[in-house]
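> Sharing a structure here in structure tokens format.
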Amino acid sequence: MTEASSSQHRQAWDLIPWIANGTASESEQRSVDEHLHDCADCREELEFQRRLQRAMARDSAPEADATAGWARLRERLDADEVPSVLAQLAPRRLRRAERTWMPWVVAVMLLQGVGLGVLGTALWSRTSANPTMATAAVGAYRTLSAPQPPLPPATVRAVFAPTMTLAELHAALAGAHLQIVFGPSDADVWSLGPAGDSTRAATEAALRALRTSSNVRFAEPIGGAP
Amino acid sequence: MTPRDDLHDRDLLRRIVARDRHALERLYRAYQPRLLQFLSRLCSQRDALDEAINDTFWTVWRKAEEFRGASRVSTWILGIAWRHALKALRRNGDIAVERLADTGASECQTADTLLNDERDQWLAQGMATLPLEQRATLELAYFVGHSCQEIADIMGCPINTVKARMFQARLKLRNLLPKLEGIENATALRGHQP
Ligand SMILES: [Zn+2]
């Protein structure tokens, strides 16, 4: 074999798998075809690789449950979103109750379309509040010298069942036209404000709506509200 | 994978960059079976496979904006899957392929399937002796059907490395699989390209 034909042989030999699987370019295909004409070794190798390919093509895939797989990925996305928002907004250490509750609060606020600026203010006021004022959380919140947050004043105080899901909370708040102003306090009391109308009648209607939910343990008006 | 599919995939990626979860779900549902099919040829542990696929789409979600469009979306995703599979395999410490058990005993044992089972065993044993990179190269070429350049993109190595790995794998299988000759006529009836 001459030097030139030996280098041709090596080139063709390397290309054979991609001739076999049909992904070689036209010019590669042409040059290999030419070489095959004169080289029995390469012809035989191409035949062997074709056999190998056919043998490997047998489908041996396990059951692909895309729905279950997607559910797992979605959980991971959910779990990631809340802490990353928290990390941006509250780079300080949170107390235990806050670690437990804040992701929930953040998630609710996100669901309600509450702006992140508002969320930041709520977090700020919460961590600034004197922990001993837990049950008077709303009072503490109002007397802070912080800039006024663009949230309505709280008109309703409520306690929810610990088993209540996020979706249920969302539904209950939507049904009562309320939004979370602050919470939960260490005693698990949430302070809620009107999502729309802030009239006395609206507050009364909100209380009636809240009390129809079995997940609402307790709901009462705050201060001057009915 | 036609150019039209790739256009569709690119559109999904753009929406993923804009944080559209529905787009991610569509991409996931389109690719999860394919990735599982490919990766299951390299590893028999289902947990490790699921983990690698989950990690793959996690990366797609976070890095979609880094897709430069030089390759097809399918190649890009397969490359991410390959890297995560390597990690998962190292973590789980098992790269043994045990496809032997796959050949169902309940199957009607005609002469052809007996012949195929025997061939599958030879093939599985032969493949199991190859280093992971060589095996993956072979699977990408013959099972998935990628070009040399695409395999280089997926595995993140030069084209010459792909050729060298393929060369080594072919040499070894040549010596290990003399039985592949002569009994493949029956396999042609059952084998198909996905
Ligand atoms: Zn030759």
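The values are calculated or read from the model by the stated rules, or taken from the named source; none is laboratory data. It should be emphasised that the depicted structure is a prediction, and the values quoted were computed from it without experimental measurement. Because the Cβ atoms are built from the backbone with ideal geometry, glycine has one as well, and the counts that use them run over all protein chains shown. Note: areas computed on protein heavy atoms with side chains; ligands, DNA, RNA excluded. Shrake-Rupley method; radii C 1.70, N 1.55, O 1.52, S 1.80 Å.
> Evaluate the charge dipole of segment A:3-56 about its Cα centre and quote only its size in Debye, nearest 20, assuming +1 on the Cβ of each Lys and Arg and -1 on the Cβ of each Asp and Glu. The partial results should precede the final answer.
Details: 6 positive and 11 negative charges, 63 e Å.
Dipole of segment A:3-56, to the nearest 20 debye: 300 debye.
> For segment B:130-157, state which residues have at least 50 Å² less accessible area in the presence of all protein chains than in their chain by itself, taking the probe as 1.4 Å and leaving out ligands, DNA and RNA.
B:Tyr142
> Return the FRET efficiency for the residue pair A:Thr165, A:Thr67: r is the Cβ-Cβ distance, R0 is 25 Å, and the value is rounded to the nearest 0.05.
Details: r = 21 Å, r/R0 = 0.84.
E between A:Thr165 and A:Thr67, to the nearest 0.05, is 0.75.
> Solvent-accessible area per residue for segment A:3-56 at a 1.4 Å probe radius, Å²? Kindly include the intermediate steps, with their values, before the conclusion.
On the way: 2860 Å² over 54 residues.
Result: 53 Å² of accessible area for each residue.
> Could you state the orientation-averaged shadow area of the convex hull built on the Cα atoms of segment B:1-96, in nm² to one decimal?
Working: hull surface 23.1 nm².
Spelled out: convex hull of the Cα atoms, projected over all directions, averaged, 5.8 nm².
> What total accessible area, in Å², is buried where chains A and B meet, using a 1.4 Å probe and rounding to the nearest 100? Present the calculation step by step, with values, prior to reporting the outcome.
Values: alone 14010 and 11310 Å², together 20820 Å².
Summing both sides, the interface buries roughly 4500 Å².
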